[in-house]
1. What list do you get for R106, R44, R327, R208 if you sort them by fewest beta carbons within 10 Å?
2. What spacing in nm lies between the two simple spin-label points modelled at S60 and E28, each 7 Å away from Cα in the Cβ direction?
3. Please work out the Cα center distance from region 30-73 to region 158-176, rounded to the nearest Å.
4. Take the Cα radius of gyration of the chain and divide it by 2.2 N^0.38 Å, with N its residue count; two decimals is plenty.
5. Could you work out, for region 182-223, what percent of all Cα-Cα pairs fall into each 10 Å distance bin, beginning at 0 Å and stopping at the bin that holds the largest distance?
6. Suppose the chain between R321 and L134 were pulled fully straight at 0.36 nm per residue; how much longer would it get relative to their current alpha carbon spacing?
7. Mind scanning K102/K163; K113/K162; K141/K162; K61/K102 and naming the pairs with a C-alpha gap bigger than 19 Å?
8. Counting alpha carbon pairs within less than 8 Å and at least 6 residues apart, what relative contact order, in whole percent, applies to the chain?
Amino acid sequence: MQTIKNTLAENFGGPMSKLGSTQFSLDECPDLTGKVAIVTGGSRGIGYGIAHTLLKHNISKLYILSITKEAGDAAKEAIAKDLGQDTADRVTWVHCDLADWKQVERVAAAIRKETDRLDILVNNSGWGIMTPSLTSSGVDKHMAVNHMGHVVLTSHLLPLMKKTADRGDTVRISNQASNAHQGAPSDTQFASLDEINSDAGPNGQYGRSKLANILFTRYFNRNVTKNGHPNILMNATHPGFVSTKQSTQDIHEPYPIAGYAMSYGMDLIKKDQFQGAVPSVYAATMAEDSGQFICAPAIPEPGSEMSQSDELADKLMDLTRQVVSERSGVII
């Protein structure tokens, strides 16, 4: 029975969110005075919910990385209105296209020069359930943005996070994954660029990238956290069904008619952007373990069988290094 309750709590809002075996609310976020954070996609949707919460709990410096300046400006205006101008002044918006890995490398380098610490990295931004397409570098956009762009960002910020952790502080990284990782093609091997560029349909492409988020998390735990850096924790999260631009507008691009079941049919049970932020905030501020797949509100789950495979994670990361290097010259 508790398994059913957990499933409801993980995916839906309202009273159902209180059914989970492990509870956490945004009000339980600890005081973050003196800490520095980065949230990708922090200007709207779940990312805004995360950014707002970190600021409300006194984060000293927050970088929001996104593509659209208008959205970044709007987010800062909303924060100023809700939390005060002094709080909004702690936000720095940075243009960053996660599909452009050279730009991601430059952004990370600029941040390393600007701050002497990084306590929280929330890899939240993502390309949703959309028609498969390729980036200008010839890579599936779902994998290029949702997985590879965040790997580049994390890798090039890692020296700064190690420096912070070496002071005795705990550094936490949260990767926005999804239960949709279970929709990855069953024959996924991460064996070649041709494979990840193959058309698996909107749900398959998205699911494969979310599978990659979890595998990267567990790879990082084995190769960084457990390999000499116990104070640097990385966890993946599942926010549940959340009312965001992806679920209300973008879904109609691949599914013009059927998308209405998602955009309108589930309105009464969807979470808002703050409810969707709960597991990410928990992972970014409270988690004491690493390499987990944390479902809302704060429930560790095993994930699919593929998401637990160290061999598949190793193949994924080998391919990621190869593709990023060959297509952009960026080394990770």
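1. Numbers: R106 14, R44 22, R327 18, R208 27.
Fewest-to-most Cβ neighbours within 10 Å comes out as R106, R327, R44, R208.
2. 2.7
3. 17
4. Working: Rg = 18.3 Å, N = 332, 2.2 N^0.38 = 20.0 Å.
Relative to the 2.2 N^0.38 Å estimate, the chain comes out at 0.92.
5. That works out to 28, 53, 18, 1, in percent per bin.
6. Numbers: separation 187, 0.36 × 187 = 67.32 nm, distance 1.80 nm.
Full-extension gain reported as 65.5 nm.
7. Values: K102/K163 23 Å; K113/K162 15 Å; K141/K162 30 Å; K61/K102 24 Å.
Checking Cα-Cα distances, K102/K163; K141/K162; K61/K102 exceed 19 Å.
8. On the way: 682 pairs, mean separation 73.6, N = 332.
With pairs under 8 Å counted, the relative contact order is 22 percent.
Values quoted throughout were computed directly from the atomic coordinates according to the rules given, and no laboratory measurement underlies them. Remember, predicted model here, so these are calculated numbers, not experimental data. We place every Cβ from the backbone using ideal geometry, glycine too, and count neighbours over all the protein chains shown.
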